[in-house]
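Note sheet for the following structure.
The values are calculated or read from the model by the stated rules, or taken from the named source; none is laboratory data. The structure presented is a predicted model; accordingly, all values stated were derived computationally and were not measured. Here the Cβ positions follow ideal geometry from the backbone for every residue, glycine too, while neighbour counts run over all protein chains shown.
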Amino acid sequence: MLKIRLRRGGASHAPFYRVVVSDSQRTPRASVVEQIGHYDPKKKPADVKIDRERVDYWVSKGAQLSPTVKSLLKKLK
C-alpha cells in the first residue's frame with residue numbers, strides 16, 4: 001500500500017522534510033515513488049509547498065495520507 005508521508009532530511013537541529021509517496025511496508029528512508037513537496041518548520045512562517053494535483057492523483061490511486069501530511073494540507077487551505 002502506498003502512503004504519502006514526510007521524509008526527514010537536513011542537519012542536526014535543523015530538520016527539513018520532503019513530502020513523498022512511498023510504500024508503507026518499507027522504512028521512510030527507502031526509495032520513494034515520487035516527491036510531491038517539502039516542509040521547512042525552521043522558517044518563520046513555516047515553508048510548506050505541496051503539489052495538490054499530485055496528492056489528488058495518488059489518493060485516487062489508493063495512497064493514504066499520514067496524519068502529519070493531512071494536517072499540513074488543512075493548514076494550506
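From GLU53, GLU34, grab the single residue that is among the acidic types (Asp, Glu) and touching a residue at least 24 places away in the same chain (Cβ under 8 Å).
GLU34
Considering only residues that are hydrophobic (A, V, I, L, M, F, W, C) and within 20 Å of VAL55 (Cβ to Cβ), look in the range 1-29 and name the one that is farthest from the chain's Cα centre (by Cα).
MET1
So is ARG54 touching a Lys or Arg at 6+ places or on another chain (Cβ under 8 Å) and either surrounded by 14 or more Cβ atoms within 10 Å (Cβ to Cβ) or modelled with pLDDT of 95 or more (or both) or not?
Values: touching a Lys or Arg at 6+ places or on another chain (Cβ under 8 Å): no; either surrounded by 14 or more Cβ atoms within 10 Å (Cβ to Cβ) or modelled with pLDDT of 95 or more (or both): yes.
Against the criterion (touching a Lys or Arg at 6+ places or on another chain (Cβ under 8 Å) and either surrounded by 14 or more Cβ atoms within 10 Å (Cβ to Cβ) or modelled with pLDDT of 95 or more (or both)), ARG54 does not qualify.
Could you say whether any residue in the range 35-50 is among the charged types (D, E, K, R) and surrounded by 14 or more Cβ atoms within 10 Å (Cβ to Cβ)? Let's see the steps before the verdict.
Of the range 35-50, the ones among the charged types (D, E, K, R) are 40, 42-44, 47, 49.
Remaining after also requiring surrounded by 14 or more Cβ atoms within 10 Å (Cβ to Cβ): 40.
So far as the range 35-50 goes, yes, one or more of its residues are among the charged types (D, E, K, R) and surrounded by 14 or more Cβ atoms within 10 Å (Cβ to Cβ).
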